[in-house]
Amino acid sequence: MDASPASTAMAETIRQAAERLRHGGLVAFPTETVYGLGADATDDRAVAKIFKAKARPRFNPLIVHVLNQKAAAAIAEWTDLSEKLAAHFWPGPLTLILRRTPDCRISPLVSAGGTTVALRSPAHPLAGALLGMTDLPIAAPSANPAGKISPTTAAHVQAGLGDQVDMILDGGRCPVGVESTVLDLTADHPMLLRPGGLARADIEAVTGCKLSSDHQAETDTDNPIRSPGQLTSHYAPNRPVRLNAQDVASDEALLAFGPTPLQGAKITANLSKSGDLIEAAANLFAMMHQLDRPHVSGIAVMPIPAHGLGEAICDRLNRASSL
Ligand code: TXA
Ligand code: MG
């Protein structure tokens with residue numbers, strides 16, 4: 001193991017973070033997707049603190065982070081398909097919705113009182129170290145106030161929730177930049193509840209079948225929401241967002257994509273000059289934070305292709321634009 005002073009200091013910081021979690025505290029930590037607001041998933045009071053800190057509606061269930069498949073199988077009914085998907089994609093940006101085991105120790109609040117639980121194993125060394133050190137499942141939604149832009153740096157967490165958390169582990173910028181893909185495995189057919197950091201096509205290559213999509217959150221207001229995090233007004237910046245911009249006004253901010261950004265905006269940030277959707281996903285939330293300034297009238301967004309990680313990017317931008 002690396003014994004440099006920097007890594008020794010980080011090991012001590014992780015030890016302190018683990019201690020806070022074991023005592024019911026809130027610790028924000030980096031994952032490969034976005035920063036999470038973590039608490040011991042088996043501790044009702046600690047989990048309740050997450051909802052309070054984020055001002056998150058109680059009916060919106062949380063993702064539980066686990067170290068590996070073994071930890072997952074202690075919480076949820078582990079199936080052939082979950083094993084196959086986890087073998088391919090864990091640790092990584094894939095969240096699986098599964099049935100809770102009868103003796104599941106996870107707080108019912110995490111499942112919003114339901115019979116299922118969302119599990120993922122994050123691919124970030126600090127998240128892995130924290131899970132290993134606590135030996136606990138860690139409930140963690142994105143570490144932002146409910147409905148606001150997700151954080152991809154420790155500074156974003158500090159600005160949004162700084163006074164609500166016991167500790168923020170700083171792991172620099174999150175490399176993927178959009179949240180995990182959420183896949184429901186509790187029905188007959190796997191259903192994509194949220195497009196995210198793992199592209200639909202990569203999952204379909206392993207399942208060998210097309211994933212169905214969840215349109216219920218958008219259209220069916222009578223039934224309980226299947227993936228409540230998918231309420232339309234989510235990821236909202238303070239300034240209005242205008243999609244598929246073909247031109248830009250001089251008082252607008254521009255979120256550009258590709259080699260020929262529109263000219264004339266007050267401020268411009270380019271998601272990817274080369275038109276690379278992986279780079280664009282990594283930049284998305286940081287650039288929305290950067291452009292969301294009081295002195296601009298709104299944020300104009302250039303067209304972005306909807307394939308690969310573009311599906312998740314377009315999903316988040318659609319939500320940001322519908323207030
Ligand atoms: O990348 C990520 O997934 C990040 C990092 C921190 O891991 N976490 C994250 O968590 O985005 P959150 O809480 O902001 O989003 C969780 C999503 C929501 O859309 C929620 O409705 C859905 O997962 N979800 C959680 N548990 C569920 C369940 N039992 N059934 C259906 N949907 C569930
Ligand atoms: Mg979130």
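Filtering segment 241-270 to residues that are touching a residue at least 60 places away in the same chain (Cβ under 8 Å) and among the charged types (D, E, K, R) leaves only R242.
Pick from L193, L198: which is of a type in the set (A, V, I, L, M, F, W, C), modelled with pLDDT of 90 or more, within 16 Å of ligand 2 (Cβ to nearest atom) and surrounded by 19 or more Cβ atoms within 10 Å (Cβ to Cβ)?
So the residue among L193, L198 that is of a type in the set (A, V, I, L, M, F, W, C), modelled with pLDDT of 90 or more, within 16 Å of ligand 2 (Cβ to nearest atom) and surrounded by 19 or more Cβ atoms within 10 Å (Cβ to Cβ) is L193.
Elements of the type helices (runs of 4 or more DSSP H) sitting completely within segment 67-179 and holding at least 3 residues that are crowded, with 19+ Cβ neighbours inside 10 Å: these cover 80-89, 125-134, 154-161. When the criteria are applied in full, A269 meets the requirement of being part of a strand (DSSP E or B) and either modelled with pLDDT of 95 or more or in the same structural domain as P175 (by TED's automatic domain parsing) (or both). Total residues in segment 287-301 satisfying the condition of being part of a loop (DSSP other than H, G, I, E, B) and closer than 12 Å to A320 by Cβ: the figure is 2. Contact map, segment 132-144: residues that are away from ligand 2 (no atom under 15 Å from the Cβ) paired with residues that are outside any helix (DSSP H, G or I) and among the aromatic types (F, W, Y), Cβ distance under 9 Å, separation 6+ or inter-chain. Pairs shown: I138/F29.
Find all pairs meeting these conditions: Cβ atoms under 6 angstrom apart; at least six residues apart or on different chains; first residue within segment 31-43 and in the same structural domain as P108 (by TED's automatic domain parsing); second residue part of a loop (DSSP other than H, G, I, E, B) and among the polar types (S, T, N, Q). So the pair list comes out as T33/S180; V34/S150; V34/T152.
The values are calculated or read from the model by the stated rules, or taken from the named source; none is laboratory data. Since we're looking at a predicted model, the values are computed, not measured. Note that we place each Cβ from the backbone using ideal geometry, even for glycine, and neighbour counts take in every protein chain shown.
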